[in-house]
Amino acid sequence: MCGIVGVLGSNEVAPILVEALKRLEYRGYDSAGIATLNDGVLDRRRAVGKLVNLSDLLVHDPLAGKSGIGHTRWATHGAPSVKNAHPHRAGNVAVVHNGIIENYRELRAELAAEGIQFSTDTDTETVALLTELYLSQGNDPIAAAYKTLARLEGAFALAFLFDGNDDLIIAARKGSPLAIGHGDGEMYVGSDAIALAPLTDRITYLEEGDRAVVTRQGVTIHDGNGKLANRAVKKIKLTSASIDKAGHRHFMAKEIAEQPEVIGDTIRHYLPSGDDMVNLPGDGVDFTKVQRLTMVACGTAYYACLTAKYWFEQIARLPVEVDVASEFRYREPPITEGTLALFVSQSGETADTLAALRYCRDKADQIVSVINVPESSIARESDLALPILAGVEIGVASTKAFTCQLTVLLMLAIKAAADRGELDPETMADHVAALRGLPAILNVALDQNDTIKAAAQRLSEARDVLFLGRGQMYPLALEGALKLKEISYIHAEAYASGELKHGPIALIDKHMPVVVMAPRDTLFDKTVSNMQEVMARRGKVMLISDDRGISEASEGVWETIRMPHIHTTLAPILYAIPAQLLAYHTAVAKGTDVDQPRNLAKSVTVE
Ligand code: F6R
């Protein structure tokens, strides 16, 4: 989604703004722009497409000045075009915005009644025009911005820059995250700490409703009630190194390769060596009191929940419901006594997941989140936030966050089983030993990279691909199909293997590759029957299985991908790796933009 930066600096600001915007590219965008103040004079440049277009424009038509704001836009209202790109300017003010102004039609009508003309199709322009109107009525910039903010409904992070005011940025947050960075005689604003990482490691996160007056001397923050607010300055650990490709061609490749290491860290965090009990932070969760688990998330995080449903039900015998946040939030589901509501989100800012959490706020017994960004809204609004410790994930397609989510959810299911008396010590020790051995097995899976690359080359010629899985491999099939379609743009669908005969089998012909994810477990023979049905109709089966599975069932299959043998419970975490590598190499073979696939955003802060 849109990215915001702002700098009150001591050097020429345009290159610094563009560099900061580059660090926000991972969020997804379709146009970009900056505005600066040169001797107090406001000016801006905007360009459609990648940031390189904005950089080129700035070479031919530079912007001087030491104060400025910048923006990467992910279109919501109005097509990607120069006129719709931010910063939006009205007279003496320029504005950058992330989110949606829900009452913009009403505000437009009001401005039109004043005889004010519009030059864009965006909701954001109303913010600039309204501020300019208040300025023209004699308000100073701070009063004009604050009056404007009081009129806005919806979700937003905003930064304002004013003509004639070299030492002022006004920033506001309601619904979309925004951070203030502290430098030496310089101050910054950014959508997240990643944007500001090379500039400062001292960050203040604005809270819901906060508005901030930023000058080179520091920041004054008021809360939503207009009261002076004292927000902490946090020293963050993010380094420039944690957001570079470390020699890989793409962030996605780096993040796939990092999985053994980050999963090892996650396991050690919750299962310190020498301890056979899962440790949760704070007061943890007492699963003896939990009667039902409601899990809510979007996209890949939703598939992590679907996988975990098998674990909570089978290992802990706990009834589980799983829903996508955008459906859950409007369905008004009854939340009965004894419900633990669990929200899974990499970014911790997904608008629908956050709204679903808020729906459960006074209804569920406890609200727990599984998140990657500890300062995120979802983490802060939970009773208990469980970090997945995946490190920064830049590739838009989630990889290491998914497997770290799975790892935390499995440990939580083991804890639930132990609390509920469903695990004898021997089985518990078996699960713990298997978890501790997981990183080494993941490394063996990564060694299959070249085989998977060759298989992907063949897959890249397909127009459609089916994925099949049974039991806990069904959500993995869904995740495999999602990964493939989002980065290679090949149409892919996933079905529970048993559903094949109930419709999708009609699609099978000699052009249709069918990826079957099937470790040699108790359901294997049933999945093999479904594979036979595909091959009988000349469908091309790509079987991902272990040694035993491949030796028993590879006759007649198109491609095989060999995984190491693994404890059955952990198979979904292992099989995520070939699913990710298959999507990655297919996308590379097709020449698509792997890290920033078209139309997608990393952090979906609008519904
Ligand atoms: C797919 C992907 C998305 C996210 C979804 C939820 O690769 O990354 O489907 O999983 O947008 O995002 P978070 O986890 O940030 O709530």
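The values are calculated or read from the model by the stated rules, or taken from the named source; none is laboratory data. This is a predicted model, so every value here is computed, not measured. Cβ placement follows ideal geometry from the backbone for every residue including glycine, while neighbour counts extend to all protein chains displayed.
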Looking only at the range 507-514, decide whether some residue is within 16 Å of the ligand (Cβ to nearest atom), among the β-branched types (V, I, T), crowded, with 22+ Cβ neighbours inside 10 Å and under 23 Å from K485 (Cα atoms).
-> no
Qualifying residues in the range 223-250 (those that are buried (at least 17 other Cβ atoms within 10 Å of the Cβ) and modelled with pLDDT of 95 or more) - the one nearest to the chain's Cα centre (by Cα) | H250
Can you pull out the residues in the range 172-211 that are among the hydroxyl-bearing types (S, T, Y) and without any contact (Cβ under 8 Å) to a residue 60 or more places away in the chain?
-> T200, T204
Is it the case that the range 234-248 has a residue that's in a strand (DSSP E or B) and either touching a strand residue (DSSP E or B) at 6+ places or on another chain (Cβ under 6 Å) or more than 16 Å from the ligand (Cβ to nearest atom) (or both)?
-> yes
Filtered residues of the range 289-308 (kept if away from the ligand (no atom under 16 Å from the Cβ), under 15 Å from I414 (Cβ atoms) and outside any strand (DSSP E or B)) = V290
In the range 555-607, what residues are without any contact (Cβ under 8 Å) to a residue 60 or more places away in the chain and touching a Leu at 6+ places or on another chain (Cβ under 8 Å)?
-> V557, T560
Determine whether the range 543-563 contains at least one residue that is within 16 Å of the ligand (Cβ to nearest atom) and of a type in the set (F, W, Y).
-> no
Could you tell me whether L271 is in contact with a Pro (Cβ under 6 Å, 6 or more places away or on another chain) and surrounded by 19 or more Cβ atoms within 10 Å (Cβ to Cβ)?
-> no
Looking only at the range 548-607, which residues are in contact with a Gly (Cβ under 9 Å, 6 or more places away or on another chain) and on the phi > 0 side of the Ramachandran plot?
-> N599
Please tell me if V594 is crowded, with 22+ Cβ neighbours inside 10 Å, modelled with pLDDT under 95 and within 16 Å of the ligand (Cβ to nearest atom).
-> yes
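If the requirement is being crowded, with 20+ Cβ neighbours inside 10 Å, out of contact with any strand residue (DSSP E or B) (no Cβ under 7 Å at 6 or more places or on another chain) and in contact (Cβ under 8 Å) with a residue 12 or more places away in the chain, which of these qualifies: T148, T131, T124?
Numbers: T131 fails: out of contact with any strand residue (DSSP E or B) (no Cβ under 7 Å at 6 or more places or on another chain); T124 fails: out of contact with any strand residue (DSSP E or B) (no Cβ under 7 Å at 6 or more places or on another chain).
T148 is the lone residue from the list that is crowded, with 20+ Cβ neighbours inside 10 Å, out of contact with any strand residue (DSSP E or B) (no Cβ under 7 Å at 6 or more places or on another chain) and in contact (Cβ under 8 Å) with a residue 12 or more places away in the chain.
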Filter the range 469-509 down to residues that are touching a residue at least 12 places away in the same chain (Cβ under 8 Å) and on the phi > 0 side of the Ramachandran plot, then give me how many there are.
-> 2
Restricting the range 353-367 to residues that are within 15 Å of the ligand (Cβ to nearest atom) and buried (at least 20 other Cβ atoms within 10 Å of the Cβ), which is farthest from P387 (Cα to Cα)?
-> A356
Could you check E337 against (1) crowded, with 19+ Cβ neighbours inside 10 Å; (2) more than 13 Å from the ligand (Cβ to nearest atom); (3) in contact (Cβ under 8 Å) with a residue 40 or more places away in the chain and say which number it fails?
-> (1)
Look through G164, G138, G154 and report the one residue that is surrounded by fewer than 23 Cβ atoms within 10 Å (Cβ to Cβ) and modelled with pLDDT under 95.
-> G154
Hey, can you tell me all the residues within the range 73-92 that are surrounded by fewer than 23 Cβ atoms within 10 Å (Cβ to Cβ) and under 24 Å from the mean Cα position of the chain (by Cα)?
-> W74, A75, T76, H77, G78, A79, P80
Can G437 be described as outside any helix (DSSP H, G or I) and away from the ligand (no atom under 16 Å from the Cβ)?
-> no
Conditions (1) of a type in the set (A, V, I, L, M, F, W, C); (2) surrounded by fewer than 24 Cβ atoms within 10 Å (Cβ to Cβ); (3) in contact with a Lys or Arg (Cβ under 9 Å, 6 or more places away or on another chain) -> A397 fails only (2)
Hits in the range 385-394 - residues which are more than 13 Å from the ligand (Cβ to nearest atom) and crowded, with 24+ Cβ neighbours inside 10 Å | L386
Exactly one of T407, T427, T403 is in a helix (DSSP H, G or I), more than 14 Å from the ligand (Cβ to nearest atom) and buried (at least 24 other Cβ atoms within 10 Å of the Cβ), and that residue is T407
Qualifying positions in the range 355-369 - touching a residue at least 60 places away in the same chain (Cβ under 8 Å) and over 11 Å from D383 (Cβ atoms) | A355, A356
Matching option when the condition is away from the ligand (no atom under 16 Å from the Cβ), among the basic types (K, R), out of contact with any helix residue (DSSP H, G or I) (no Cβ under 6 Å at 6 or more places or on another chain) and touching a residue at least 12 places away in the same chain (Cβ under 8 Å), among R331, R317 | R317
Just a yes or no: is a residue in the range 445-453 crowded, with 17+ Cβ neighbours inside 10 Å and more than 19 Å from Y584 (Cβ to Cβ)?
-> no
